[in-house]
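Quick notes on the structure that follows.
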Amino acid sequence: MIKKRKEVSLQEFYQLNIGAMWRHFKTESLAFWMICAYLFLEYVRPQSIYPFLDFLPWTQLAVLGAFIGCFNDKSVKWVSSPINIWLILFFIIILLSSAFAYWPSFAFERLENFYTWLVIYFLIISIVNTEKRFFIFICIFFLATFKLSLSLSITWAKRGFAFTDWGLSGPPGFFQNSGELAIQMLVFWPIAWAFALYLKPHVSKAKYFILLLMPFTAMMVILGASSRGAQLALLVQLIVLNSRSLFRPKVLVSCAVVLSLLWAVLPQEQKDRFQVAGDDRTSIQRLLYWENGIDMMNRHPGLGVGYFNYVPFYERAYYEDMLYESAELPHNIFIQVGADLGYPALLLYLVMISYALLRTRKVAKMLKKNAESSFFTTIFSYLNISVIGFVVAGQFVSVVYYPFLWIHFALFVCASNIVFSEVLVPSRRKKKMHRLGQESEGKELRRV
C-alpha cells in the first residue's frame with residue numbers, strides 16, 4: 001500500500017520551512033514551474049552574469065513553457081480585472097500610434113518592449129492563483145532582489161560609502177543602470193518590510209534578522225545609487241508610511257533620527273548634487289525635455305508623435321534645445337506616455353495606476369475588518385507604498401516599459417483574486433454558518 005504524502009500546511013510556509021516549501025513546489029504544475037523560472041531568469045540574469053550560460057534564449061523559453069503548461073493545469077482560469085481591459089486598450093493605442101508615427105519602422109521594431117509585459121502579466125495572474133503559489137512566487141522575487149541589494153550594499157560599504165558618478169550598477173538588463181536599479185529597490189523594500197512584519201511571530205530570530213536585511217539593504221542601495229529622484233521617492237515613501245502618526249512626538253523624534261542618519265551616510269558629492277538641482281546642465285536639459293514633451297502632447301493629442309518616436313522627433317524639431325550631442329527619452333513616465341502615444345494613452349495609464357492605488361486601499365480595509373488575520377492583510381497595507389515610490393521616481397526617469405509597474409499590477413491582481421477566493425469569502429461563509437448554528441440552537445431551546 002502506497003502511503004499518501006502529507007500536504008504541506010501554510011504554517012510551514014510562514015515558518016520558512018524550505019524543505020516543506022520545496023516538497024510542495026515539486027507537486028506543482030509545469031506552468032507554475034516555468035513562470036517561477038521566468039521570474040528568476042529575468043531578475044537574477046545568470047545568463048548575463050555567466051556568459052557560458054548564454055547559449056539559449058532562456059527567458060523566452062520559460063515564458064513559452066509557462067504558456068504550454070497552462071493547457072495541462074486545470075486550476076488555470078481566466079481572472080477578471082478592469083486592468084486586463086485597460087492593458088489591452090493601451091496596447092491597441094500603441095499599435096495605432098506605431099502605424100501613424102512619424103517613423104513607423106522605428107516604432108514597430110520596439111513593440112516587444114510592451115507586448116512582452118502584456119503576455120507575462122496574463123500568465124502570472126492566471127497561474128499564480130493560490131496563497132501557496134503566491135508565497136513561493138513572491139519569495140523568488142524577494143530572493144532575486146535581495147541578492148542584488150545585499151551584494152551592492154556590501155560593495156558600497158567597501159568603498160567607504162563614497163560617491164561615484166555611476167552610483168551602483170546591477171547585472172546587464174533592466175537593473176544595470178543605477179537609476180533603474182534604485183527604482184527596483186523602491187518597489188521591493190515596502191513589500192519586503194511587510195513580509196518580515198507578518199512572519200516575525202512564525203520564524204526564528206536568525207531568519208527574522210535576514211528578513212529585516214532585505215528592506216535595510218534596499219534602502220542602502222537607493223542611497224548609494226546616486227539617483228536624486230530615487231532618494232526623493234524614498235523620503236516620500238517614509239513620510240506617507242508614517243503620515244497618520246507623523247506629528248506624534250515619538251514619531252517625529254524617530255523620523256528626525258533616521259533622516260539624520262541617512263543624511264550622514266549620504267556622500268558629500270551627492271549632497272552637493274541636491275544643492276545644484278535645477279541649475280546644473282543635467283537638470284536644465286531635463287526641464288527642456290519636459291517642456292518640449294508637453295508641447296509634443298499638445299500638438300499631437302490623439303496618438304502622439306509615435307510609439308518610441310520621442311527621441312528622433314526631438315532631435316529634428318527641438319535641436320536648438322539639445323545641450324548634449326544626442327537627445328534622450330524625456331525622463332518622466334507621464335510625458336513619455338503622452339508625447340509618444342497621446343492623451344488617451346496617458347489617461348489610461350493614470351486610470352490604471354489610480355485604480356491599483358484605490359483598490360489596494362479598499363481591500364486592505366476589508367482585510368482589517370476581517371476577524372481572521374491573513375498574510376495578505378500586511379501585504380496590502382504596504383503595496384501602495386511601492387507604487388508611490390515608482391511614481392515619484394518616475395518623474396525623473398523614463399521607465400514606462402520596464403518591469404516595475406507591470407509586475408506590480410500582476411502581483412496586485414493575483415493577491416486580490418486570492419484574497420476573495422481563499423480569505424474573505426470563506427471567512428464570510430464561516431460567519432454565516434456560525435450565525436445559522438446559533439439560530440438553530442436558539443430554536444431548539446425555544447422548543448424545549
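The values are calculated or read from the model by the stated rules, or taken from the named source; none is laboratory data. Just so you know, these numbers come straight off a predicted model, no measurement behind them. As a convention, Cβ positions derive from the backbone with ideal geometry for all residues, glycine included, and neighbour counts pool all protein chains shown. Just the protein is used for accessible areas: all its heavy atoms, side chains included, with ligands, DNA and RNA removed. Shrake-Rupley method; radii C 1.70, N 1.55, O 1.52, S 1.80 Å.
Tell me yes or no: at least one residue of the stretch 350-372 is assigned to a helix (DSSP H, G or I), in contact with a helix residue (DSSP H, G or I) (Cβ under 6 Å, 6 or more places away or on another chain), of a type in the set (S, T, N, Q) and open to solvent by less than 30 Å² (accessible area, probe 1.4 Å).
yes
Can you find even one residue in the stretch 105-122 that is among the acidic types (Asp, Glu) and either within 21 Å of VAL400 (Cα to Cα) or in contact with a strand residue (DSSP E or B) (Cβ under 8 Å, 6 or more places away or on another chain) (or both)? Give the steps one after another, and end with the answer.
Step one: of the stretch 105-122, the residues among the acidic types (Asp, Glu) are 109, 112.
Filter once more, keeping what is either within 21 Å of VAL400 (Cα to Cα) or in contact with a strand residue (DSSP E or B) (Cβ under 8 Å, 6 or more places away or on another chain) (or both): 109, 112.
The answer is yes; a qualifying residue exists.
Search the stretch 38-54 for residues that are free of Cβ contacts under 8 Å to residues at least 40 places away in the same chain and pair each with any residue that is open to solvent by 40 Å² or more (accessible area, probe 1.4 Å) and not hydrophobic (A, V, I, L, M, F, W, C) when their beta-carbon atoms are under 6 Å apart and the residues are at least 6 apart or on different chains.
Pairs that qualify, where the first residue is free of Cβ contacts under 8 Å to residues at least 40 places away in the same chain and the partner is open to solvent by 40 Å² or more (accessible area, probe 1.4 Å) and not hydrophobic (A, V, I, L, M, F, W, C), are GLN47/ASP54.
Is it fair to say TYR402 is open to solvent by 10 Å² or more (accessible area, probe 1.4 Å) and within 18 Å of ALA144 (Cβ to Cβ)?
Considered against the rule, which asks whether it is open to solvent by 10 Å² or more (accessible area, probe 1.4 Å) and within 18 Å of ALA144 (Cβ to Cβ), TYR402 comes out as yes.
Does the stretch 161-182 contain any residue that is part of a helix (DSSP H, G or I), touching a Pro at 6+ places or on another chain (Cβ under 8 Å) and of a type outside the set (S, T, N, Q)?
No, the stretch 161-182 contains no residue that is part of a helix (DSSP H, G or I), touching a Pro at 6+ places or on another chain (Cβ under 8 Å) and of a type outside the set (S, T, N, Q).
Looking at the stretch 398-448, which of the residues that are within 38 Å of the chain's Cα centre (by Cα) and polar (S, T, N, Q) is modelled with the lowest pLDDT? Explain how you work it out, then say what you get.
First pass over the stretch 398-448, keeping only residues within 38 Å of the chain's Cα centre (by Cα): 398-432.
Filter once more, so that each one left must be polar (S, T, N, Q): 398, 416-417, 421, 427.
Numbers: SER398: 93, SER416: 94, ASN417: 93, SER421: 85, SER427: 50.
Here the answer is SER427.
Quick one: how many residues across the stretch 315-349 are in contact with a helix residue (DSSP H, G or I) (Cβ under 8 Å, 6 or more places away or on another chain), part of a helix (DSSP H, G or I), modelled with pLDDT of 95 or more and over 15 Å from HIS408 (Cβ atoms)?
Of the residues in the stretch 315-349, 13 are in contact with a helix residue (DSSP H, G or I) (Cβ under 8 Å, 6 or more places away or on another chain), part of a helix (DSSP H, G or I), modelled with pLDDT of 95 or more and over 15 Å from HIS408 (Cβ atoms).
Pick from ALA37, ALA31: which is open to solvent by less than 20 Å² (accessible area, probe 1.4 Å), in a helix (DSSP H, G or I) and not charged (D, E, K, R)?
Sole residue among the options that is open to solvent by less than 20 Å² (accessible area, probe 1.4 Å), in a helix (DSSP H, G or I) and not charged (D, E, K, R): ALA31.
On the given criteria, is LEU213 open to solvent by 10 Å² or more (accessible area, probe 1.4 Å), part of a helix (DSSP H, G or I) and either touching a Leu at 6+ places or on another chain (Cβ under 8 Å) or charged (D, E, K, R) (or both)?
The answer is yes for LEU213.
If you go through the stretch 145-160 one residue at a time, do you hit one that is in a loop (DSSP other than H, G, I, E, B) and open to solvent by 20 Å² or more (accessible area, probe 1.4 Å)?
Scanning the stretch 145-160, I find at least one residue that is in a loop (DSSP other than H, G, I, E, B) and open to solvent by 20 Å² or more (accessible area, probe 1.4 Å), so the answer is yes.
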